[in-house]
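Structure first, then comments.
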Amino acid sequence: MKIKRRDFLKGAAGSMALLALDRQDAQARTVQALPPEALGILYDSTLCVGCNACMTACKKANNMPPDFTDGQDIWDQPIDLSPNTLNVIKKFTNGTGETKDAEINGHAFIKRQCLHCIDPSCVTACPVSALTKDKNTGIVSYNKNNCIGCRYCQVACPYNIPKFDFNRVYPEIVKCQLCDHLIAEGKYPACCSVCPTGASLFGRVSDLIVETRRRQQMVPGEMYDFPVTSIDSDTTHKYTAPEYVPHVYGKEELGGTQVMYMSAVGFDKFGLPAYPKESFVSMSSGIQYAIYKGMVYPLVVLAGLVFMVKKNKQQEDEKSIEKKHDKKEACHE
Amino acid sequence: MSEARPLGGRVFTLTFSICLIISGIALYFTAKRFIFGIGSVANLNDGYPWGIWIAYDVVVGTAFACGGYVMALLVYVINKGEYHPLVRPALLASMFGYTLAGVSVFLDIGRYFHAYNLYLPWQMNFHSVMFEVAMCIGTYILVLWLEFAPTFTEKWKLEKYRKFLDKIIFALIGLGVLLPTMHQSSLGTMMLMAGFKLDPLWHSSTLPLLFLFTAVIMGFAMVVFEATIASRVYGLGNETEMLAKISRIMSWVLGFFLVIRLQNVFMRGEMGHAFSGSFLGNMFLIENFLLIIGFVILTFLRNNLTPRLLFIAAIAILVGGSLFRFNTYIIGYDPGTGWKYFPSVGEQMITYGLIAMEIAAYTLFVKYFPVFSAHDPAVSTK
């Protein structure tokens, strides 16, 4: 009996060592690569004039109901992403708010929507593959026919994007799917096709990344061409180049995203958190993979457990039979 | 094997009736939730998609229900046969604890009609921690009922089934030890994905190990808690000696837990945050203070352990362990952007109702089925 207990403890110590080793495994797991045909949006805050045309177009294209927030049920006035709103333009203001794209006494706009992560937490989190990432376009889309409504995607999303209408009897998860139904028809996402200034620019992520480099090398104050709607469109507008902050949000955050932001004010001003390059997904699934890969460890442990239980149980049953015999023979009580 | 006997006695006691009333109120809110939606009952929102239905009913509730797991581990795997009388009552509590956790999941998930997707092989996402937890808990509920089934076969004298069960019971017990080991640690892995939303005092890669440890110590503490109350209420005699022995094991596990927990927070340089006087820092201190009280009683007073002290230690561990889990799932969780959450009355009532149902069903079962062993001849039923 003593030996058995020691064996058990050894096994337990072994599995603990395994857990400790997992941390290295977690780091070793490579971040998922950008799909070759990945599509995305480059949102340039300096070009955005806050007209909200993209918000209206988004509602129309996706059949989303209006959000009434001012007490009068007349205008669609979302204040943030909601179960009715997949895309929202928000404004940062400081002091008098006079100068556009200034951090002091200025204002600037930001577009919030699903960023279509390269290594999306929600897709890894979803137990029933209701959220999937397209192998070619990299678009993260949602299928309500599979969703069980557990809301782990909401907990997992580092940008708080997926929404869920708790006031509906049988709700679903709501988030931007990059208008994949329009892309399938050869069209552009609604927000990009209506954007008058080219602030929301659709295109292949690889092309968009080249574009971010071009913009960052522009001399502030000089005139440049800026494409409208899509990176490969013929329409361009001429603008004076702003002084961009030397950072493209989404290029590297948590493994990178397919929707990226450029701005002349710091991204922290928009409430966008500063993130490391490694995603939280790779940390947790690294641990999960190491333990459950091919179910080898669990099955080995199960075999060991069943073996020991069987042995101990037999001994015990034999003992109790003996005991009963003893009782009968002794006739005591 | 079976020296267990039904306790008999009056069913409609005061406790039982109060439990029924609370369950009734909970049923009202449950109906409301299904007719008008989650929002009509709960304060859940897009910032806090998980509230007490997950944090208490599932995460804390299943830890409370780990008594069956730890007793099976102790008796059948480590082969400590002397604790056998404690197995069945512990299994019974686990069975109800897990079953009601499973029920509460159906109240919580928004699209319950689609839950079958979990069982469609082409929909399964093997990378999802949620998937693993859902599968393990679902299977474990079934295993618990089967593990407990000998009680039914004894009561109703189903000889054929009894023999069949006897043949496979060792496999069930084996599964019954493996499954909680898997999903209790995964409940910790689950919150790793929350990333920056979870305060660094709780967000650590040791979460899976810490959750497994709390499951074990809370399981043992629950066995002590139940046995103490049951022996008082049903006059089963003094079990302190056996419980004191269990407490020795508990003090080891708890000691390991505390070393890992505190060392990890030290290493990541978060101790300053813990003692900063902030709300979360204080929650961390309370949580660990309670566990340390339990540890001190079990370790340093082990030779003078009275039933009262043991009971206090068990409660300190249960509350401290629950707080650790609450902190990880709700209190230490902040998605930013100003979201707030506090459970509504209806939400709380459903949780209280589940606890009440558990107690009512437990008291009913021990009177009808052979659960408790009259191991102490002085008080054996006449």
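Each value in this text was obtained by applying a stated rule to the coordinates, not by laboratory testing. Worth saying up front: this structure is predicted, and the values here are computed from it rather than measured. Quick reminder, even Gly has a Cβ in these numbers, built from the backbone with ideal geometry, and neighbours come from all protein chains shown.
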Starting from the Kirkwood radius over alpha-carbon pairs of segment A:39-277, derive D by Stokes-Einstein at 37 °C in a medium of 0.692 mPa s and give it in µm² s⁻¹.
178 µm²/s
Kirkwood hydrodynamic radius over Cα pairs of segment B:180-279, then Stokes diffusion coefficient at 20 °C and 1.002 mPa s, in µm²/s
138 µm²/s
Of the options B:A63, B:W53, B:P370, report the single residue whose Cα projects farthest towards the positive end of the charge dipole of chain B (beta-carbon charges: Lys, Arg +1; Asp, Glu -1).
B:P370
Size of the dipole of chain A about the Cα centre, Lys and Arg at +1 and Asp and Glu at -1 on the beta carbon, nothing else charged, in debye to 20?
1620 debye
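What is the ratio of the Cα radius of gyration of chain B to 2.2 N^0.38 Å, with N the residue count, to two decimals? Present the calculation step by step, with values, prior to reporting the outcome.
Working: Rg = 20.9 Å, N = 382, 2.2 N^0.38 = 21.1 Å.
Taking the Cα Rg and dividing by 2.2 N^0.38 Å, one obtains 0.99.
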Taking only the alpha carbons of segment B:111-270, what extent do you get along each of the three principal axes, in Å, biggest first?
59, 49, 27
When the Cα centres of segment A:147-197 and segment B:174-222 are compared, how far apart do they sit, in Å?
31 Å
Comparing A:E37, A:E278, A:E222, which has the greatest mean-square fluctuation in the GNM of chain A with Cα pairs linked when under 10 Å apart?
A:E222
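To the nearest 20 debye, what charge dipole does the protein assembly as shown have about its Cα centre, counting +1 at the Cβ of each Lys and Arg and -1 at the Cβ of each Asp and Glu? Write out the running numbers ahead of the final one.
Numbers: 64 positive and 57 negative charges, 497 e Å.
That gives a dipole near 2380 debye.
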Whole-angstrom gap from segment B:53-111 to segment B:224-238, using each part's C-alpha centre
19 Å
HN-Hα J couplings of segment B:235-247 from phi, Karplus 6.51/-1.76/1.60, θ = phi - 60°, integer Hz, Gly and Pro as x?
x, 8, x, 8, 9, 3, 4, 5, 5, 5, 5, 4, 5
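Can you say what percent of the DSSP beta bridges in the protein assembly as shown, counting only those with both residues inside, are antiparallel? Round to 5. Please report the intermediate quantities before stating the final value.
On the way: 27 of 34 bridges.
DSSP beta bridges in the protein assembly as shown are roughly 80 percent antiparallel.
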P(r) for segment B:108-175, please, calculated from all Cα pair distances in 5 Å bins and given in %.
3, 14, 18, 17, 12, 11, 12, 9, 2
Among B:E270, B:E226, B:E347: highest mean-square fluctuation, GNM of chain B, C-alpha pairs under 10 Å:
B:E270
Among B:Y161, B:Y352, B:Y362, whose mean-square fluctuation peaks in a Gaussian network model of chain B (Cα, cutoff 10 Å)?
B:Y161
Cα-centre dipole for chain B with unit charges at Cβ (Lys and Arg positive, Asp and Glu negative), debye to 20:
700 debye
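Return a whole-number percent for the relative contact order of chain B, with Cα pairs under 8 Å and 6 or more residues apart as the contact set.
Details: 516 pairs, mean separation 133.8, N = 382.
Normalised by residue count, the contact order of chain B is 35 percent.
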One would report the antiparallel percent of DSSP beta bridges in segment A:39-277, rounded to the nearest 5, as 75 percent
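Can you give the direction-averaged projected area of the convex hull of the alpha-carbon atoms in segment A:57-145, in nm²? Spell out each step's value before the answer.
Numbers: hull surface 35.4 nm².
Averaged projected area of segment A:57-145's Cα convex hull equals 8.8 nm².
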Can you tell me how much longer the chain between B:F256 and B:F279 gets when fully stretched, taken as 0.36 nm per residue apart minus their C-alpha distance, in nm with one decimal?
5.6 nm
When the helix-only estimate is applied to chain B (DSSP H runs of n ≥ 4, each -39,500 (n - 2.57), divided by the residue count), what is the mean residue ellipticity at 222 nm, nearest 500 deg cm²/dmol?
-21500 deg cm²/dmol
Starting from the 7 Å offset along Cα-to-Cβ, what nm value, one decimal, do you get for the label separation of A:D80 and B:E159?
6.8 nm
Bin width 20 Å, alpha-carbon pairs only: give the P(r) of the protein assembly as shown as whole percents, running from 0 to the bin holding the largest distance.
16, 45, 27, 10, 2, 0
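For A:A33 and A:E316, calculate 0.36 nm times their separation in residues minus their Cα-Cα distance, and state this gained length in nm to one decimal.
96.3 nm
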At q = 0.09, 0.10 Å⁻¹, work out log10 I(q)/I(0) for segment B:21-127 with the Debye formula, treating every Cα as an identical point scatterer and leaving solvent out; two decimals please.
-0.35, -0.43
